[in-house]
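Participant: Could you have a look at this structure, given as structure tokens, before my questions?
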Amino acid sequence: MRLATSTNIMQQIPGREEAGVRECLKRCHAAGFRVFDLNCCDRSGPGQYMRSADWEAETYRIKALCETLDLEFSQCHLEYYNVCDPAVPDRERREEMVRRGILACEILGIKWAVIHPGSVYEGGSLSREKSKAANIAYFTKWLDFAAEHGVGLALENIFDWEGRRHYAGAVEDLIDLTDSLKRPNAGICWDFGHAHMYGYDHVYWLKRIGKRLKALHVQDTHGEGDDHLAPFYGTIPWPPIMKTLKEIGFCHDLAFEIHLMTRNMPDALRESQLRHLCDIGHYLIKLYEEA
């Protein structure tokens with residue numbers, strides 16, 4: 001197991017423009033990070049590089065910097081929206097962002113791209129049956145495309161928001177959907193914060209997911225919101241979780257998604273904070289190795 005972090009850990013800096021991916025890599029490298037998750041969803045907004053005509057060339061510049069600094073990307077987070085809603089505004093552009101994200105994975109050697117399942121509603125209520133069918137139809141297309149480019153899709157457990165239930169918030173649905181896709185490049189990403197908001201027993205569900213687990217979003221929360229804090233800053237019990245990851249043979253990376261931890265930190269304090277977060281990650285890996 002290696003420590004990784006999403007590139008959104010350095011995206012927002014108070015008092016200045018957003019940091020680009022290459023600046024993030026340089027500064028996280030100085031703090032001790034060597035492996036990364038390319039956050040394509042945050043880089044697909046207005047003015048961001050994934051939306052620009054230069055996106056492919058910039059991805060190759062990112063790759064060149066990785067080769068210079070001996071860095072690696074191991075996963076990414078694709079554009080997300082309700083993929084089962086044909087009426088979503090700007091859907092064509094969002095789908096293009098998914099396509100570009102998968103191609104960026106191929107360029108950077110990323111093996112697993114995280115993506116959110118969608119939901120179908122009838123009369124304002126979630127239809128699990130129709131949601132499953134719509135997700136199968138949607139992801140079959142993208143799984144075939146991703147396979148052509150050497151990429152797998154890890155479906156993420158999500159949570160309820162906007163006052164209504166969302167499909168794949170229930171882990172049983174997520175497991176069933178992943179199995180029903182019947183593709184070797186279909187897996188699961190476990191977001192600890194999302195699961196904690198449901199009050200899920202992480203140990204129990206990680207064991208149920210087992211070999212389907214291909215990616216992690218490591219964040220902490222107090223259980224009420226999607227806080228994206230560093231481990232030990234919330235109420236998630238990390239020692240038994242690390243032991244469980246060892247027991248189920250999880251061999252991918254421990255990937256931080258803790259951007260809300262850093263977004264308000266003054267730039268003058270950012271380097272010391274990044275080193276502290278790196279220390280937390282290596283402590284968790286030590287727990288995994290000693291389990």
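The values are calculated or read from the model by the stated rules, or taken from the named source; none is laboratory data. Computed from a predicted model, the values in this text were never measured in an experiment. Positions of Cβ are backbone-derived with ideal geometry, glycine not excepted, and every protein chain shown enters the neighbour counts. With ligands, DNA and RNA removed, areas are computed over all heavy atoms of the protein, side chains included. Shrake-Rupley method; radii C 1.70, N 1.55, O 1.52, S 1.80 Å.
Participant: Amide H neighbours of Phe256 under 5 Å, at least 5 residues apart or on other chains, H built in the peptide plane: list them.
Facilitator: Under 5 Å from the amide H of Phe256: Ala4, Thr5, Ser6, Val218.
Participant: Report, by chain and number, residues whose modeled amide H sits under 5 Å from the one on Leu126, excluding near sequence neighbours (fewer than 5 apart, same chain).
Facilitator: Arg165
Participant: Further, regarding this structure: What label, among [x] 45; [y] 65; [z] 52, belongs to percent of Cα pairs over 25 Å apart computed from the structure on display?
Facilitator: Label of the calculated value: [x].
Participant: Note down the net charge around Ala31, summing +1 for each Lys or Arg and -1 for each Asp or Glu among other residues with Cβ under 12 Å from its Cβ.
Facilitator: +3
Participant: Among all the aspartates and glutamates, which ones have a C-alpha under 15 Å from Lys243's C-alpha, if same-chain residues fewer than 8 places away are not counted?
Facilitator: Cα-Cα hits under 15 Å: Asp201, Asp253, Glu289, Glu290.
Participant: For the chain, what is the accessible area per residue in Å² when the probe is 1.4 Å?
Facilitator: It amounts to 42 Å² per residue over the chain.
Participant: Something else about it: Using Cα centres only, tell me the gap between segment 155-188 and segment 215-254 in whole Å.
Facilitator: Value for the Cα centre distance between the two parts: 18 Å.
Participant: Here is a follow-up. May I ask you to evaluate 6.51 cos²θ - 1.76 cosθ + 1.60, the Karplus curve with θ = phi - 60°, for each residue of segment 270-285 and list the ³J(HN,Hα) values in order in whole Hz, giving x for glycine and proline?
Facilitator: Working through the residues one at a time gives 5, 5, 5, 5, 4, 5, 4, 5, 5, 4, 4, x, 5, 5, 4, 5 Hz.
Participant: Using 0.36 nm times the number of residues separating Ser125 and Arg263, minus their current alpha carbon distance, what extension gain do you get? Spell out each step's value before the answer.
Facilitator: Numbers: separation 138, 0.36 × 138 = 49.68 nm, distance 3.50 nm.
Full extension from Ser125 to Arg263 adds 46.2 nm.
Participant: Among the GluC sites (Glu not before Pro) within segment 202-291, which fall in a DSSP loop and have no more than 13 other Cβ atoms within 10 Å of their own Cβ?
Facilitator: Answer in residue order: Glu224.
Participant: Excluding Pro46 itself, calculate the net charge of residues whose Cβ lies under 14 Å from the Cβ of Pro46, where each Lys or Arg counts +1 and each Asp or Glu counts -1.
Facilitator: Result for the neighbourhood of Pro46: -1.
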